[in-house]
Amino acid sequence: MSTTRWPRYFILPVALIVLWQLWGMTLPARSRAPVPLDVLASAVELVASGRLPMAILQSLGRVGLGFLVAGAIALVLGLLMGFFRPVERNLDPIIESFRPVAPIALLPLAILWLGTGTPAAVFIVAYAAFFPMIVNTIAGVKGVERRLVQAAQTLGVPQLTILRTVVLPAALPSIFVGVRVAMGLAWMSIIAAELAVGSKGGGGGSGGVGEMMFVFYAYYIELDSIVVCMIAVGLVALAIDHGLRWLQRWLMPWAEQYR
Amino acid sequence: MSHPATTGPKLRLDAVRKTFTVPRSGAEVVAVETADLAIEAGEFLTIVGPSGCGKSTILNMLAGLELPTGGTVAMDGRKITGPAAERGMVFQDYALFPWKTVFENIEFGLRYGPHGKGLSTAERRSRVARCVELVGLGGSEQKYPHELSGGMRQRCGIARLVANEPDVLLMDEPFAALDAQTRIILQEELLRIWGETGDRAERRTVVFITHAIDEAVFLSDRVVVMSAHPGRIIEILDVDLPRPRTDATRTRPEFQALSQTIWNLIRDEVYRAATAAGSAGGAGD
Ligand SMILES: Nc1ncnc2c1ncn2[C@@H]1O[C@H](COP(=O)(O)OP(=O)(O)O)[C@@H](O)[C@H]1O
Ligand SMILES: [Mg+2]
């Protein structure tokens, strides 16, 4: 009916937010329920002061670093394990025995070894990101059409070159599924790890969005700010996934079915 | 060109036997039973037979993609132990690299395989460009395989093989998935690319698989007829039709007589396979 389409999709969310605000205004003044207008005010303050962007950048930097480390190892191991049976037979039991251990369960170990700063956070991220990537890389390699490998073999191409020029690109769509799952997990784990490490009054905290949330919770009891952080964490995750999808289309213009 | 180690045939199957073990039941399937065959250099040889008679298995052993369970497969007197650039292959389902353009697909063997060693980038490109023209793909170089028709994809598959200049061309039902018209055009083009009109000594060795009898007769110097269960060579026939083969070839009485002879050889088998497939679920592809 209307000339623009978007208002329709926004009717429900906007109505819910208005209801939430109205309900909040009926509560006594110092209740702890966050209401939209307060959250908005808090968001403006946190962004304008640069605190939230800095914290996000710090967390993102750790995710990026841990992700690169995990990605490099998972890619090389996954390609070799998927392509050469003996490699898989030897490494699979090791990997499978670590897989059920949740990233956050490694935190005590990480802190003892690496302290509470960036190295421990990167370690947790890398650990979280590693498994979805290696599992999907192996599955992708095994799913590569045998015909394509045979075509390269009958052109005389050596095995290791085939791994790079045929198996890797053919497995890329599946590898990318792993990358996206891993990225989601890595981002969740970094927030969890930073939250769990928390902060001690005079420094020694983890930094990042997670520590920020911890500080608001433990020292200031600012629910509005915590909600702002939660929303920010969600938006960042959304943005990362969109970025990865864009990268996927750019890297694999031939893979129509993955549009 | 490589020089044969002996003056014998280009390719030789010597009492070749191939069995497969079915994974779950552990049962043994005899795909090929004691096949003997000598293929001369420059010969266009076709293998026909009902589905499941072991045609692909023989071709895969010639390629080195499968190894025989018994006997030997040899090229120029040397045992074949694995795939090599000397024995290139064209597949029924094309097997083009979907992430590569037509040009890059055709360039693939020269770029990453041994036959491109010693070629400069410019030399490699110009050879690829020549092959693009040879198969009539000019103007489609920058397209991806999914943008091509079946006929064009197979032209690309053939160009990829020809660009790599193998000694032996192995083709596994390359035209089976194409419509009848495209098929006839590609048959004639294949003969031209093979060098039908040129000097005999310039021709490469071709081993071509089909289940279409007319295709086998039209293309070949010799036709190998196989039967199934177990896969066996039952007859090897010379095709004494003049080259170059044209539309007129198909209407010649010798063409029709030979086609009929081959049909008589495998007819019972085809009927049996067709009815068995109905009752027993049938093996084969
Ligand atoms: N990898 C395999 N494992 C088990 N059986 C196979 C395998 N490949 C082929 N066979 C069997 O060997 C026989 C010959 O197969 P194939 O060479 O593909 O026949 P064709 O190409 O003439 O149709 C068939 O019965 C088929 O089921
Ligand atoms: Mg076959």
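The values are calculated or read from the model by the stated rules, or taken from the named source; none is laboratory data. No experiment lies behind these values; they were computed from the predicted model shown. All Cβ positions, glycine included, derive from the backbone under ideal geometry; neighbour counts span all protein chains shown. For accessibility, only protein heavy atoms count, side chains too; no ligands or nucleic acids. Shrake-Rupley method; radii C 1.70, N 1.55, O 1.52, S 1.80 Å.
What are the pairs with Cβ atoms under 7 angstrom where one residue, in segment B:159-176, is more than 11 Å from chain A (Cβ to nearest Cβ) and the other, located anywhere, is among the polar types (S, T, N, Q) and open to solvent by 10 Å² or more (accessible area, probe 1.4 Å)? Sequence gap at least six, or different chains.
Correct list of pairs: B:ASP167/B:SER2; B:GLU173/B:GLN92; B:PRO174/B:GLN92; B:ALA176/B:GLN92.
Give segment B:77-98 a look and list any residue that's hydroxyl-bearing (Ser, Thr, Tyr) and at the interface with chain A (Cβ under 7 Å from one of its Cβ atoms), or say none.
Once the filter is applied, which keeps residues that are hydroxyl-bearing (Ser, Thr, Tyr) and at the interface with chain A (Cβ under 7 Å from one of its Cβ atoms), segment B:77-98 yields nothing.
Within segment A:17-37, take every residue that is open to solvent by 100 Å² or more (accessible area, probe 1.4 Å) and assigned to a helix (DSSP H, G or I) and give me the one that is modelled with the highest pLDDT.
Restricting to residues being open to solvent by 100 Å² or more (accessible area, probe 1.4 Å) and assigned to a helix (DSSP H, G or I), the top hit is A:LEU19.
Would segment A:55-64 turn up any residue that is closer than 30 Å to A:LYS142 by Cα and of a type in the set (A, V, I, L, M, F, W, C)?
yes
From the set of residues in segment A:43-70 that are open to solvent by 20 Å² or more (accessible area, probe 1.4 Å), part of a helix (DSSP H, G or I) and small (Gly, Ala, Ser), which is nearest to A:GLY234 (Cα to Cα)?
A:ALA43
Which one of A:THR137, A:THR118, A:THR161 is touching a residue at least 24 places away in the same chain (Cβ under 8 Å) and open to solvent by 20 Å² or more (accessible area, probe 1.4 Å)?
The conditions single out A:THR118.
Select, from B:GLU147, B:GLU133, the only residue that is without any contact (Cβ under 8 Å) to a residue 60 or more places away in the chain, surrounded by fewer than 22 Cβ atoms within 10 Å (Cβ to Cβ) and away from chain A (no Cβ under 14 Å).
Answer to the selection: B:GLU133.
Would you be able to say whether some residue in segment B:220-228 is away from ligand 1 (no atom under 16 Å from the Cβ) and free of Cβ contacts under 8 Å to residues at least 60 places away in the same chain?
No, segment B:220-228 contains no residue that is away from ligand 1 (no atom under 16 Å from the Cβ) and free of Cβ contacts under 8 Å to residues at least 60 places away in the same chain.
Look at segment B:213-227 and say how many of its residues are open to solvent by 10 Å² or more (accessible area, probe 1.4 Å) and more than 18 Å from B:MET171 (Cβ to Cβ).
Qualifying residue count for the region: 0.
Restricted to segment A:215-259, and to residues that are surrounded by fewer than 17 Cβ atoms within 10 Å (Cβ to Cβ) and of a type in the set (Ser, Thr, Tyr), which residue is nearest to A:SER59 (Cα to Cα)?
Among them, the one singled out is A:TYR217.
Looking only at segment B:115-126, which residues are away from chain A (no Cβ under 14 Å) and surrounded by 13 or more Cβ atoms within 10 Å (Cβ to Cβ)?
B:ARG125
How about segment B:164-186: which of its residues are within 16 Å of ligand 2 (Cβ to nearest atom) and not aliphatic (A, V, I, L, M)?
B:ASP172, B:GLU173, B:PRO174, B:PHE175
Does segment B:194-212 hold any residues that are in contact with a Leu (Cβ under 9 Å, 6 or more places away or on another chain) and either buried (at least 17 other Cβ atoms within 10 Å of the Cβ) or assigned by TED's automatic domain parsing to the domain that holds B:GLY42 (or both), and which are they?
B:TRP194, B:ARG204, B:THR205, B:VAL206, B:VAL207, B:PHE208, B:ILE209, B:THR210
Which ones in segment A:140-158 are assigned to a helix (DSSP H, G or I), within 11 Å of chain B (Cβ to nearest Cβ) and buried (at least 19 other Cβ atoms within 10 Å of the Cβ)?
Matches in segment A:140-158: A:LEU148, A:VAL149, A:GLN150, A:ALA151, A:ALA152, A:GLN153.
If you check B:LYS55 against the conditions, is it touching an Asp or Glu at 6+ places or on another chain (Cβ under 9 Å), within 13 Å of ligand 1 (Cβ to nearest atom) and more than 28 Å from B:LEU190 (Cα to Cα)?
no
Are any of the residues in segment B:243-261 within 16 Å of ligand 2 (Cβ to nearest atom) and crowded, with 21+ Cβ neighbours inside 10 Å?
No, there is no match, as no residue in segment B:243-261 is within 16 Å of ligand 2 (Cβ to nearest atom) and crowded, with 21+ Cβ neighbours inside 10 Å.
Consider B:GLU66 carefully, then state whether it is free of Cβ contacts under 8 Å to residues at least 40 places away in the same chain and either within 16 Å of ligand 2 (Cβ to nearest atom) or surrounded by fewer than 20 Cβ atoms within 10 Å (Cβ to Cβ) (or both).
Here the answer is no, as B:GLU66 does not meet what is asked.
Look at B:ARG272 and say whether it is away from ligand 2 (no atom under 16 Å from the Cβ) and open to solvent by 30 Å² or more (accessible area, probe 1.4 Å).
It is true that B:ARG272 is away from ligand 2 (no atom under 16 Å from the Cβ) and open to solvent by 30 Å² or more (accessible area, probe 1.4 Å).
Regarding segment B:223-235, can at least one residue be identified that is under 14 Å from the mean Cα position of the chain (by Cα) and modelled with pLDDT of 95 or more?
Looking for residues that are under 14 Å from the mean Cα position of the chain (by Cα) and modelled with pLDDT of 95 or more, one finds at least one in segment B:223-235, hence yes.
For segment B:39-58, check the following and say yes or no: at least one residue is closer than 23 Å to B:PRO174 by Cβ, within 16 Å of ligand 2 (Cβ to nearest atom), at the interface with chain A (Cβ under 10 Å from one of its Cβ atoms) and in contact with a helix residue (DSSP H, G or I) (Cβ under 9 Å, 6 or more places away or on another chain).
no
Please go through segment B:100-114 and give me each residue that is facing chain A (nearest Cβ under 7 Å) and either of a type in the set (Gly, Ala, Ser) or buried (at least 21 other Cβ atoms within 10 Å of the Cβ) (or both), ordered by number.
Those that are facing chain A (nearest Cβ under 7 Å) and either of a type in the set (Gly, Ala, Ser) or buried (at least 21 other Cβ atoms within 10 Å of the Cβ) (or both): B:PHE108, B:GLY109, B:GLY113.
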